[in-house]
Amino acid sequence: MAKQTTGRYESVTAGAENVDAFIPFELPPARPALFVEGKLE
């Protein structure tokens, strides 16, 4: 199985420090499409 990224990093300033914040991709991913079968409870 190929390794896929789950988000990206963005440089931001927090207080007086520059840090890298992890920004996750939206869920569910577009590919592969998410199909739910059966009743959800």
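The values are calculated or read from the model by the stated rules, or taken from the named source; none is laboratory data. Because the structure is predicted, anything quoted here is derived from the model rather than measured. Here the Cβ positions follow ideal geometry from the backbone for every residue, glycine too, while neighbour counts run over all protein chains shown.
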Going by the structure shown, is Val36 surrounded by 10 or more Cβ atoms within 10 Å (Cβ to Cβ) and hydrophobic (A, V, I, L, M, F, W, C)?
no
Filtering region 7-32 down to residues that are assigned to a loop (DSSP other than H, G, I, E, B) and surrounded by 10 or more Cβ atoms within 10 Å (Cβ to Cβ), which residue is modelled with the lowest pLDDT?
Pro29
